[in-house]
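Comments concern the structure below.
The values are calculated or read from the model by the stated rules, or taken from the named source; none is laboratory data. If you're wondering where the values come from, they're calculated on a predicted model, not measured in any experiment. Note that each Cβ is placed from the backbone with ideal geometry, even for glycine, and that neighbours are counted across all protein chains shown. For the accessible areas, the whole protein counts, side chains as well, though only heavy atoms, and no ligand, DNA or RNA atoms are used. Shrake-Rupley method; radii C 1.70, N 1.55, O 1.52, S 1.80 Å.
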Amino acid sequence: GDRVTMVRFADVVADTWGPAAGSALGPGLLGHMAAPAPSGARSTRLAAATRWATRRVPSGGLAVVISDLWCSDDLGAALAPLARPRWEVLVLHVLAAGELAPPALGPVVLRDAETGRTLEVVVDEALAARYRQAMNARLDRVRAAAAGRGARHELVRGDWTLERAVVPYLLVRSVLHA
């Protein structure tokens, strides 16, 4: 009997689902994940959710953090409450394909998904190279912050299914067998 609890957060814990156990938990959990995300927050603070989780489930377990990690708090500090050996942490870092690679060359209108603000830019080779360099440096910092807290970091494209993102990890942990 593993029990599953889900926490959705932005600047504070927005809502929760569970705890639930058994074969019936799948549809409820997936339904909650598919529901519209909490909105209205101006920032994302992962630390609020990790502190909530450690208070709610003091015995620990497997914590799966699914986020784009454009957080306003420090990832390493936010993962600190989920310390080993009590917690095993998998960070699924979800980024859209358009975030992983620079936009096409030429005029582009960029739109912030949270605020809706737009910015018009002209992408040339130099800007595209700076974007790739900045994104690679950011991914390196995120990986290092996760590793520094004993967490496993997996980059997940936003167009992947949850199964494609999670099943390989579960196979490695022998939770599932091929």
Exercise for the section: Could you compute the FRET efficiency for ALA96 and ASP74, with r as their C-beta to C-beta distance and R0 at 35 Å, rounded to 0.05? Expected result: 0.90
Fill in the blank from the handout: Stretched fully, the stretch from LEU162 through ASN136 gains (0.36 nm per residue minus C-alpha distance, one decimal, in nm) 7.0 nm
Problem - Surface accessible to a 1.4 Å probe, HIS153 within the full protein complex, Å² - result: 30
Problem - Surface accessible to a 1.4 Å probe, ARG152 within the full protein complex, Å² - result: 90
Practice task
Please work out the FRET efficiency for the pair VAL109 and VAL57, using the Cβ-Cβ distance as r and a Förster radius of 30 Å; give the result to the nearest 0.05.
Solution key: 0.10
Completion exercise
Square roots of five times the C-alpha gyration tensor eigenvalues of segment 51-178, ordered largest first and given in whole Å, equal 32, 17, 13
